[in-house]
Amino acid sequence: MTAHGRSETASCGLSVSPDRELDGPLEFDQIVVIGPLLRQFDAIAPSIYGILEKARAEKIPIAGLCTGSFVLAEAGLLEGMTACLHPYHALDFSSRFPNIPYVTDQHFIVGEGIATVPGGTSVLNYAAHVIERHLGTARTSKVMHQMSLPGSSWDIFGARQTRQKAASSNDARLKKAVSLMERTMEAGGTVPDIAKAIGISERQLDRLFRQHFDTTPKRYWLEMRLDYCRWLTLNTDRPITDVAFVGGFSDSAHFITQFKKTFGVTPGEMRKISQQ
């Protein structure tokens with residue numbers, strides 16, 4: 001759809017032809033706004049803002065990709081919210097919308113039916129979020145595996161939330177602790193090892209994680225390991241016993257119990273679902 005029902009040319013030179021008119025938003029499950037080049041921003045048709053206002057009133061989820069976040073802000077949809085932007089657009093955004101806070105170190109932000117996504121590979125992460133919300137974890141991992149480029153790994157899908165949580169903090173100790181946890185899962189390290197490596201006491205580390213993540217370092221690390229094991233279960237053919245070992249579990253039975261407690265199914269059951 002385009003504002004005037006005519007073909008539009010994207011900034012890359014690709015011509016996009018609409019297959020229907022831009023009308024009421026009620027038939028859509030979600031609306032995604034692809035923003036223009038900023039020098040073309042003031043030429044946006046008023047009908048676009050009308051559609052967005054109707055969609056918001058009907059509680060239809062709306063996402064702004066790249067400069068689409070500028071469109072949402074102009075429509076008044078980001079009031080009281082924080083936008084997620086590409087660093088390249090941060091100064092332009094703050095100049096045009098000085099009262100709207102923003103971040104540039106996350107893949108996306110979702111709040112109250114409105115999402116902002118910087119663009120680029122962050123779109124894959126947001127796509128995973130939408131698919132997971134509607135179809136569940138198993139289907140999400142399968143789709144992400146099919147969408148990702150060769151060589152893509154847990155760093156694209158499973159680790160995104162782990163790094164986002166740490167990146168949202170300005171505490172270097174926390175970032176280092178999370179990074180060490182990621183790198184030493186298979187080695188079977190301990191929380192005291194992590195605390196010693198970053199030069200603080202175990203009690204200080206516990207306080208740090210409770211303050212930022214509302215959980216203990218031990219629980220956080222367990223969830224990280226289980227998330228990694230889930231990715232391996234769905235995206236590799238490795239035996240479940242190997243998955244448990246690589247994820248830092250020395251006992252397969254304990255691993256399966258923790259996995260089912262967290263995800264509602266055993267690793268074998270999840271793998272079977274994803275292959276259907």
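Things worth noting here:
- Scanning segment 40-57 for residues that are of a type outside the set (Phe, Trp, Tyr) and within 11 Å of LEU72 (Cα to Cα) gives ILE48, LEU52, GLU53, ARG56.
- Note on segment 183-201: among residues that are within 17 Å of SER250 (Cα to Cα), touching a helix residue (DSSP H, G or I) at 6+ places or on another chain (Cβ under 7 Å) and not β-branched (Val, Ile, Thr), the one that is surrounded by the most Cβ atoms within 10 Å (Cβ to Cβ) is MET185.
- When segment 4-39 is limited to residues that are of a type in the set (Lys, Arg) and out of contact with any Gly (no Cβ under 9 Å at 6 or more places or on another chain), the one that is farthest from ALA75 (Cα to Cα) turns out to be ARG6.
- Condition check for THR262: touching a helix residue (DSSP H, G or I) at 6+ places or on another chain (Cβ under 7 Å) and in the same structural domain as LEU180 (by TED's automatic domain parsing): yes
- Taking the conditions (1) closer than 30 Å to VAL110 by Cα; (2) without any contact (Cβ under 8 Å) to a residue 24 or more places away in the chain; (3) in contact with a helix residue (DSSP H, G or I) (Cβ under 8 Å, 6 or more places away or on another chain) in turn, TRP221 satisfies each one other than (2).
- Test for LEU26: is it of a type in the set (A, V, I, L, M, F, W, C), out of contact with any helix residue (DSSP H, G or I) (no Cβ under 6 Å at 6 or more places or on another chain), exposed (fewer than 11 other Cβ atoms within 10 Å of the Cβ) and touching a residue at least 12 places away in the same chain (Cβ under 8 Å): yes
- In segment 37-80, the residues that are touching a residue at least 40 places away in the same chain (Cβ under 8 Å) and loosely packed, with under 15 Cβ neighbours inside 10 Å: LEU38, ALA45, SER47, LYS59
- Residue check for ALA83: out of contact with any helix residue (DSSP H, G or I) (no Cβ under 7 Å at 6 or more places or on another chain), touching a residue at least 12 places away in the same chain (Cβ under 8 Å), within 17 Å of VAL117 (Cβ to Cβ) and surrounded by 15 or more Cβ atoms within 10 Å (Cβ to Cβ): no
- Applying the criterion of at least 3 residues that are polar (S, T, N, Q) to the helices (runs of 4 or more DSSP H) found wholly in segment 167-276 leaves 252-263.
- Wholly within segment 1-113, strands (runs of 3 or more DSSP E) carrying at least 2 residues that are at pLDDT below 90: 109-111
The values are calculated or read from the model by the stated rules, or taken from the named source; none is laboratory data. Keep in mind that what you see is a predicted model, and the values were worked out from it rather than measured. We place every Cβ from the backbone using ideal geometry, glycine too, and count neighbours over all the protein chains shown.
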